[in-house]
Amino acid sequence: MDPSDKTRRQLLDELQEATARLKAAEEVLHAIRSDEVDALVVSTKEEGDRVFTLTGAEHPYRVMVETMNEGAVTLAPDGTILYCNHRFADIVKASRKKVIGSSIYQYVSAKDRQLFEALIERGLKDRSKTELALQTCAENSAPVLVSASPLQHMDMPGAVCMVVTDLSELKRNEAMLAEEKLTTQILLQAAEIFVICDHQGRIIRASQSTNRLLGRSPLTQAFDEAFQLSCPDGTPFVLLSVLRDKFFQALEVTFMSGDNKPLYFLLRANSFVAYQGAIGFIVVMVDITERKKMDQALQKAHNELEQQVEERTVELQSALSEIKRMKDQLEAENIYFRHEHKMKHRFEHIIGKSDGLKYILYRAEQVAPMNTTVLILGETGTGKELIAAAIHNLSPRKERPLISVNCAALPANLIESELFGREKGAFTGADIRRIGRFEVANGSTFCLDEIGELPLEIQSKLLRVIQHSEFERLGSSHTIKVDVRIVATTNRDLEEEVRKGRFRQDLYYRLNVFPITVPPLRQRKEDIPLMVEVFVERYARKFRKEITSIPKETMKTLQDYPWPGNVRELESIIERAVILCPGPSLHLADKLEPLTLSSSTMRTLEETERNQILKILSETSWRIEGKDGAAAILGINPSTLRARMHKLEIVRPGTKESD
């Protein structure tokens with residue numbers, strides 16, 4: 001027999017037994033109320049005390065009333081309890097002595113008060129019954145069935161006799177029946193595998209889907225024996241062992257069907273406490289076979305795709321190897337021609353064949369591959385910037401553009417912003433953020449042309465860049481790291497400038513790592529004919545003239561001239577001669593006479609400037625800035641005036657110029 005059927009049969013039997021007891025109690029009540037038993041007699045022993053006794057066939061009915069399973073109560077018209085048996089006292093959870101003499105209304109719940117009053121009113125006319133809740137002394141309520149009828153043959157009109165049946169057990173049984181019905185419905189309709197086991201793991205309930213899966217009913221059989229599941233690692237699944245693991249949530253298990261095909265389930269199991277404290281287990285298994293097949297199909301497709309990608313990668317690597325081999329072969333075949341082309345064009349802007357020039361180019365080739373700072377010395381117009389460009393073009397940084405700045409062409413108040421950049425609002429007029437030349441030259445070569453003109457206050461910041469490769473923009477405290485190679489050029493004697501305090505000694509030593517001195521044009525006269533030919537061809541093409549010859553006299557004049565302006569002066573003379581040349585033969589337009597400035601003349605010019613600055617400073621009481629300051633009167637920037645004062649060694653009386 002199915003355990004669920006057995007449980008339902010027991011519950012129905014209990015209901016029938018309770019109904020029979022209620023019927024018997026009603027019969028007793030009827031007997032008491034009828035002529036078969038004399039009416040209750042009320043006698044007084046002492047003032048205020050009442051004793052209630054049964055007369056006539058008193059004893060048998062008293063025994064019956066006291067021993068029946070229902071509560072018996074007689075009520076006075078005002079609701080006072082005249083009599084109750086022990087069962088009623090048990091229902092309201094109070095002593096019989098306490099109940100007798102108390103009001104029935106203290107045991108009726110507030111929500112059922114009106115219903116109870118209606119019951120009494122109907123009971124006085126005829127027998128009446130209803131369900132309501134009695135408030136017990138244990139601060140809870142008990143569901144009861146109350147039957148009321150009038151007491152006859154009594155000198156107390158309005159007295160009522162009640163029979164009270166406790167429905168608590170009946171209600172519990174009804175709830176159990178409803179729960180059992182719901183459980184049975186779930187087990188019949190659920191698509192998942194539902195199994196209920198006892199504390200030993202034996203199956204006591206199972207869903208219809210379980211029977212279909214196994215092809216039979218598994219009741220009374222051990223769970224592990226009925227299903228014979230296996231874990232993902234192939235080990236047998238043991239239900240009680242899994243339930244002892246407090247971290248168990250869900251587990252994938254495999255079930256072998258009758259046709260020996262694996263079915264995959266996601267299993268969850270939990271313990272529960274049944275009626276009367278019995279422990280049981282609920283096992284739910286969700287079929288994930290289709291999902292598992294899809295996962296396996298996806299994994300197979302993924303593996304096949306990985307294999308295809310791997311095979312294609314091997315093919316591509318083979319193709320790339322072949323391309324690299326062909327590329328290396330092509331480079332090997334053309335390496336000589338590329339080398340010749342490089343040798344031919346790396347100094348294409350440097351004209352000459354003299355030993356002095358060859359030595360300079362040799363020195364440039366030596367230092368170009370290194371990351372060394374180079375200092376290029378030479379007179380104005382000797383082509384120092386061309387040597388700097390050649391060093392860059394022969395270096396590993398040649399793919400980046402050469403960045404140059406002429407330190408003599410920028411005002412002193414702008415050169416710092418030009419070199420290191422500025423933030424917006426760093427000074428008046430700085431409306432936008434600007435990146436400096438050092439940032440632009442990051443990863444490349446930076447040529448500082450005419451570095452001897454750099455103001456002293458900028459020299460210290462330049463020294464930091466050379467030493468630590470870092471600086472800050474104007475108006476910013478953020479340090480910027482750069483990778484810049486420095487190539488500096490100057491026409492000044494920096495050693496003399498250091499002695500005079502116009503150039504920092506430590507900066508000079510940092511720059512003078514690899515000095516290259518470019519010889520003046522007067523020391524390489526054999527290069528003049530080549531330069532003349534190149535310049536004549538260049539400007540003749542520019543001005544669309546046909547110049548086919550250069551007389552020997554003209555060439556001798558050009559070679560005998562000392563060229564104080566060096567190559568720049570030679571190029572200017574040739575350009576002017578081509579413009580003025582009337583025919584195909586080159587002739588000089590003017591007689592070449594070098595411009596000579598004696599040292600006394602230079603001193604006179606410097607002294608004139610010095611005297612003028614001293615005069616204005618004296619008139620302004622040595623005030624440099626402001627509307628009426630010396631800088632405003634002279635029409636120059638205050639920082640420029642300070643630089644000129646430093647250069648001309650102008651010091652305010654009573655102070656000593658610092659180094």
request  = Name the shape class, rounded, prolate or oblate, that the alpha-carbon gyration tensor gives for the stretch 190-287, where a ≥ b ≥ c are the square roots of its eigenvalues, rounded holds for a/c under 1.5, and otherwise prolate holds if a/b is larger than b/c and oblate otherwise.
outcome  = oblate
query = Size of the stretch 522-580 along its principal axes in angstrom, Cα-based, largest extent first?
reply = 33, 22, 17
query = Can you give the extra length, in nm with one decimal, that the chain gains between Asp198 and Asn413 once fully stretched, where that is 0.36 nm per residue apart less the Cα-Cα distance?
reply = 67.8 nm
inquiry  = Tell me the Kirkwood radius of the stretch 402-548: reciprocal of the mean inverse pair distance over distinct alpha-carbon atoms, in Å.
reply    = 17.8
Least to most buried among Asp431, Asp90, Asp295 (fewest other Cβ within 10 Å first) = Asp431, Asp295, Asp90
key: Net lengthening on full extension, Leu580/His468 (0.36 nm per residue, minus Cα-Cα)   = 34.9 nm
remark   = Assertion target for Ile624, Ile387, ordered by fewest C-beta neighbours within 10 angstrom first, is Ile624, Ile387
message = From the phi angles alone, apply the Karplus equation (6.51, -1.76, 1.60; θ = phi - 60°) to the stretch 473-484 and give each ³J(HN,Hα) in whole Hz, x where the residue is Gly or Pro.
response = 6, 4, x, 9, 9, 7, 7, 10, 8, 9, 10, 10
Ranked list, fewest to most other Cβ atoms within 10 Å of each Cβ, for Ile550, Ile323 = Ile323, Ile550
query = Tell me, in nm to one decimal, what length is gained between Lys627 and Glu66 on full extension, where the rule is 0.36 nm per residue of separation less the Cα-Cα distance?
reply = 189.4 nm
request  = Would you mind computing, in nm to one decimal, how far apart the modelled labels at Lys461 and Tyr362 are, each placed 7 Å from Cα along Cα→Cβ?
outcome  = 4.2
task = Starting from the amide H of Leu134, placed 1.01 Å from N in the peptide plane, find each other amide H under 5 Å away whose residue is 5 or more places distant or on another chain.
result = Ala142, Val144
ask   = How far apart, in nm, are two points set 7 Å out from the Cα along the Cα-to-Cβ line at Thr554 and at Thr517?
value = 3.5
remark   = Rounded to one decimal in nm, the spacing of the 7 Å Cα→Cβ label points at Ile636 and Glu607 is 1.9
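No value in this document is a laboratory result; all are computed from the given coordinates. The structure presented is a predicted model; accordingly, all values stated were derived computationally and were not measured. Reconstructed Cβ throughout: ideal geometry from the backbone, glycine too, with neighbour counts over all protein chains shown.
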